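In what follows, a structure is listed as structure tokens, so that the remarks can point back to it.
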Amino acid sequence: MTPAPVRFLRLSGKQIADLQDLYSRYHDLTFTVHAGQRLLALLATDAPVDYIAVRSLWSAIVVAYGRAFVSGRLRTLRVKEANRFYRRWPRDHQAMMAMRHEQVAHAGDDTAERILIAAEYRAGDPARIAVSDTVIFAHDSSQVEFIINHAGRVRDEVAEAIKVRSTALGHDFLRDAERFLTGEDVTSAFEGASGPQAEGPLGGHFSLSTPANRGGAPE
């Protein structure tokens, strides 16, 4: 007898929204770790500093960490519950959020960029305004390693919460399968997944959706 085909049914509700929230945080923290490792590799080379790459990666890892803990439509967990993920390292978390707010997301730290405006003047000639704009990247490899390590251990806390919630959800499914079987069939989203194996407590695949792989660039 041919076994019934495997189906994937979309799940919804508060439990699912919270699990989606956790996975979003997990991905942000995973990106922080991986992008931080790329930045470490750049800083370790003897080649001339690639300003765009270094600043982009630094901004990306700081913003991605902060994104895991700021409000948004995906953030359905109560703040108190989300705060438990870094409860053992509150000072390190505060340091990360300060970097986000003052150095990257907002122009609040005047030690990160020095703009000097002067008058270029020579007796008898018209004055000309001159500008010297210096972006100061004062973060060495040890600080990048700090971010990687901190984001990694917070990610482990999020991963554990995902495992606990997904196990409980699986038990709920077994107890009341008929209620779940009314969900939208989303099997096509899982068939022939071409993305890399996703890092995460539930496995699966990760893919990046771009205008090109959605069928063309926007007009």
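Of all the helices (runs of 4 or more DSSP H) wholly in segment 35-143, which have at least 1 residues that are at pLDDT 90 or above and among the acidic types (D, E)?
On the way: elements: 51-67, 79-83, 90-99.
Filter on segment 35-143 gives 90-99.
Based on what the data block shows, is A35 under 19 Å from Q143 (Cα atoms) and hydrophobic (A, V, I, L, M, F, W, C)?
Details: under 19 Å from Q143 (Cα atoms): yes; hydrophobic (A, V, I, L, M, F, W, C): yes.
So A35 fits the description; yes.
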Original post:
Here are some conditions: (1) in contact with an Asp or Glu (Cβ under 6 Å, 6 or more places away or on another chain); (2) farther than 13 Å from I147 by Cβ. A68 meets all but one. Which one does it not meet?
Top reply: (2)
**OP:** List every residue pair whose Cβ atoms sit under 6 Å apart, with the two residues 6 or more apart in sequence or on different chains, where the first one lies in segment 151-173 and is among the acidic types (D, E) and the second, anywhere, is assigned to a helix (DSSP H, G or I).
**Re:** E157/F85
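The values are calculated or read from the model by the stated rules, or taken from the named source; none is laboratory data. Quick caveat: nothing in here was measured; it's all calculated off a predicted structure. Ideal geometry is used to build each Cβ from the backbone, glycine not excepted, and the neighbour counts take in all protein chains shown.
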